[in-house]
Structure formats: C-alpha cells, structure tokens
Amino acid sequence: MYTMIMAVIRHEYLDTMVTALKKKKIPFTFGEVKGFGKETHLYAGDIHNRIRLEIVIDEKDAETVTRAILEHVPKAATGSGILVRYHLEEFIDFSRIS
C-alpha cells in the first residue's frame, strides 16, 4: 500500500523543506496554491499564496516522512500550514510500465 502526504506550507519554509527531503532522498512534487484559513475575514486580502507539497511513499515510510516535514515547519503559529495523509487504493508509476 501507498500513502500520499500533502502539506500546504508558507513560501519561506520551502527551501528548508526541499533540502531536508532531498537529503533523505524522498521524491516529491510541489506547486503554488492560493487559499485562506482560520485567520480569514473573507476579504480579497485574506487570500494567501502557499506551497503545496505532494509525496507518494510506501506506507511503511509514511511516519518517517511526516516527522521530516514536521521538523521543518514551525508549529503553533496561525497560518503555518497543514499536513494530510491519504491511504491510496492504487498508485501507478509510469516509468515501471513496460
């Protein structure tokens, strides 16, 4: 089984996160997203730019990857980000299809 870990973080955490994931040889993708969270009052200025990391990993490694992410994102600050783990029913790596 595989797990997908999705984290939404502030831009200022990206360089540290990329370095940590590369060091541990964890494959990932990331892109820019926009959204609002608890600190919003539904004004246009409340829409924030964030980075979404997506990692598909073997289920046995999910806790290690989760800890690696949590080590590099400050906690207890509104707007620091979120982390979600999904259990995947299916994962296909195109490079492994002959």
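The numbers here are math on the coordinates, done by the rules we state, and not lab data. All values reported here derive from a predicted model rather than from experimental measurement. In this analysis, Cβ positions are derived from the backbone assuming ideal geometry, glycine residues included, and neighbour counts consider all displayed protein chains.
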For the pair M6 and K24, how long in nm is the line joining their label points, each one 7 Å along Cα→Cβ?
2.0
Pairs of lysine in the chain with Cα under 26 Å and at least 8 positions apart or on different chains: total?
12
Identified option (computed Cα Rg over 2.2 N^0.38 Å; candidates [x] 1.27; [y] 1.18; [z] 1.39):
[y]
Degrees, to the nearest 10: 62-71 long Cα axis against longest axis of the chain:
30
